[in-house]
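Asker: Before we start, here is the structure in question, set down as structure tokens.
Only the coordinates and a few stated rules stand behind these numbers; no lab work does. Small disclaimer: the values here were computed from a predicted structure and weren't measured. Neighbour counts are summed over all protein chains in view; Cβ atoms, including those assigned to glycine, are modelled from backbone coordinates with ideal geometry.
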Amino acid sequence: MPRFLSAKPDARLIPLPWNTPLEHWPLEHLVALPRGISRHVVRFIKVGEEIYAAKEVVEHSAIAEYRLLHDLKRLQTPAVEPVGVVTGRVAEDGQALDPVLITRHLQFSLPYRSLFSVGVRPDTVTRLLDAMVVLLAKLHLVGFLWGDVSLSNTLFRRDAGEFAAYLVDAETGELHETLSDGQREHDLEIARVNLFGEFSDLEAGGMLDTALDPATLVETIETRYQELWSELTEPEEFDDSQLSRIEGRVRRLNALGFDVAELDITTDIDGTTIRIQPKVVDAGHHSRRLLRLTGLDTEENQARRLLNDLDTYSARTGQQNMDEAVVAHQWLTHSFEPVIEAVPESLRSKLEPAQVFHEVLEYRWYRSEEAGREIPLVEAAHMYVNDVLHNLPDEAVSSENLELIPDQGHRRLQNPYDPGQGFADEQEMPIDDPWEADAEAPPQTLGFADIAALRAKAGKKF
Ligand SMILES: Nc1ncnc2c1ncn2[C@@H]1O[C@H](COP(=O)(O)OP(=O)(O)OP(=O)(O)O)[C@@H](O)[C@H]1O
Ligand SMILES: [Mg+2]
């Protein structure tokens, strides 16, 4: 009899055919969604409206990964959410089967191959790498040694103009009190090797822009990671005439999306030299604030964008001195909700609400410049729905659009339930992704994790 190990069991999972190897499961329980290539058998299973990822893996790995994913959830680190492990599986012929690790499918997530198969601009690649670097730093801050850093073990979600990265495969991970420099270097070395391989594969498949080369991309990760890590953790010394540098450091960390929970400040005996060092930093500076004010649970850059719009709203309505929570509630009902309501039910699975709002703001800015007048928000939302949203690929899963999803980019998979088997047609398809269309794109700013740019602003803003 199969046994379930789970903190929050979903009873609908119990009657599934656990005594059949995952590979041979009847299609009625499966959904075909884009995913990365894996060594193990991985399938997406559907019970009611819920979608889970199931991975067949040896017992000690399944249980270790389940526990680690739990730890990561407790530490509020972006990773897929564990649901349970099914052990004690026995096939009809009496053969013991490997356990299955079940995680909740990460909604609106994109494996990197789905992104690349439709073609991505070089600066999008930088954004993906930035997201990956931020994920690695977040994991390292909580003492998590990943051990298998790679693009296929990462999932990406759109986060305003950036991406947010999530860990998907914790099989090789270890959780420590803190990590030594050597341990962090070990993860970086693995990242270099794996990402070099993955980018070389994309290059060989004609999926990497010719302006980019795998070796340089891998170097970027290294430098960006080192810069971010020193910003997050390194001490800084200055004399007592430069006290504003304390605030400057905190502001830079906030701009990177981190809150400083503990800043260690020491002075030398005569008080002329001051030394500061962040001791505890927590990710999610903007998303926590937005959640507190509005109840909206979003990615970090989406939150940053929405908060900016909230500030603009309070300035326009002359309410800067009002209670922030009161203005936030007004903004929610007068700005955010009407925009989301402008999206017809049938298009709701295209993008998350916070992403829709961000895109409407961008779209409105662009169209208003063009028209030489300010287009009202709700009018812009309707125009955006007609002009842009209709043409976007579906990114969420809903029962109505399931049959569209096996199509990765514009290519048909041999077996939609197992992307590891490759494409049915091997000919190259034209690159055509509305996400990547230059025409609609507003002017791009520097990546949010660009620390050199943040430092350069030091004299002006920070
Ligand atoms: N919860 C989930 N939500 C969305 N996608 C998922 C989820 N779990 C797994 N996947 C997809 O399945 C793929 C394979 O999963 P995973 O990396 O855990 O398998 P693996 O066999 O251990 O991989 P590896 O070959 O790296 O050992 C991932 O790249 C991801 O695209
Ligand atoms: Mg993997």
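Asker: Does region 33-49 include one or more residues that are away from ligand 1 (no atom under 12 Å from the Cβ), within 30 Å of Gly197 (Cα to Cα) and either touching a helix residue (DSSP H, G or I) at 6+ places or on another chain (Cβ under 8 Å) or in contact (Cβ under 8 Å) with a residue 40 or more places away in the chain (or both)? Working first, answer last.
Answerer: Step one: list which residues in region 33-49 are away from ligand 1 (no atom under 12 Å from the Cβ), which gives 46-49.
With within 30 Å of Gly197 (Cα to Cα) added as a condition, the list becomes none.
No, region 33-49 contains no residue that is away from ligand 1 (no atom under 12 Å from the Cβ), within 30 Å of Gly197 (Cα to Cα) and either touching a helix residue (DSSP H, G or I) at 6+ places or on another chain (Cβ under 8 Å) or in contact (Cβ under 8 Å) with a residue 40 or more places away in the chain (or both).
Asker: Go through region 49-65 and report how many residues are within 16 Å of ligand 2 (Cβ to nearest atom) and either over 19 Å from Leu110 (Cα atoms) or of a type in the set (Phe, Trp, Tyr) (or both).
Answerer: Residues flagged as within 16 Å of ligand 2 (Cβ to nearest atom) and either over 19 Å from Leu110 (Cα atoms) or of a type in the set (Phe, Trp, Tyr) (or both) within region 49-65 amount to 7.
Asker: Being under 20 Å from Leu139 (Cα atoms) and either part of a helix (DSSP H, G or I) or aromatic (Phe, Trp, Tyr) (or both) is the filter here; which residues of region 228-238 pass it?
Answerer: Of everything in region 228-238, those that are under 20 Å from Leu139 (Cα atoms) and either part of a helix (DSSP H, G or I) or aromatic (Phe, Trp, Tyr) (or both) turn out to be Leu228, Trp229, Ser230, Glu231, Leu232, Thr233.
Asker: Moving on. Within region 294-315, how many residues turn out to be part of a helix (DSSP H, G or I) and under 20 Å from Leu256 (Cα atoms)?
Answerer: 12
The rows are residues; the columns are (1) away from ligand 2 (no atom under 15 Å from the Cβ); (2) in a helix (DSSP H, G or I); (3) over 18 Å from Val120 (Cβ atoms).
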residue: His140; (1), (2), (3): yes, yes, yes
residue: Asp148; (1), (2), (3): no, no, yes
residue: Ala164; (1), (2), (3): yes, no, no
residue: Glu171; (1), (2), (3): no, no, yes
residue: Leu179; (1), (2), (3): yes, no, yes
residue: Leu202; (1), (2), (3): yes, yes, no
residue: Leu217; (1), (2), (3): yes, yes, no
residue: Glu222; (1), (2), (3): yes, yes, yes
residue: Gln226; (1), (2), (3): yes, yes, yes
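Asker: From the list Val90, Val80, which residue is within 16 Å of ligand 1 (Cβ to nearest atom) and of a type in the set (Val, Ile, Thr)?
Answerer: Result of the check over Val90, Val80: Val80.
Asker: Hey, any hits in region 28-48 for a residue that's within 16 Å of ligand 2 (Cβ to nearest atom), within 19 Å of Leu175 (Cα to Cα) and not in a helix (DSSP H, G or I)? Before the answer, list the steps.
Answerer: Initial filter on region 28-48 (within 16 Å of ligand 2 (Cβ to nearest atom)): 33-44.
Add one more test, that the residue is within 19 Å of Leu175 (Cα to Cα), and what stays is none.
No; the residues of region 28-48 include none that is within 16 Å of ligand 2 (Cβ to nearest atom), within 19 Å of Leu175 (Cα to Cα) and not in a helix (DSSP H, G or I).
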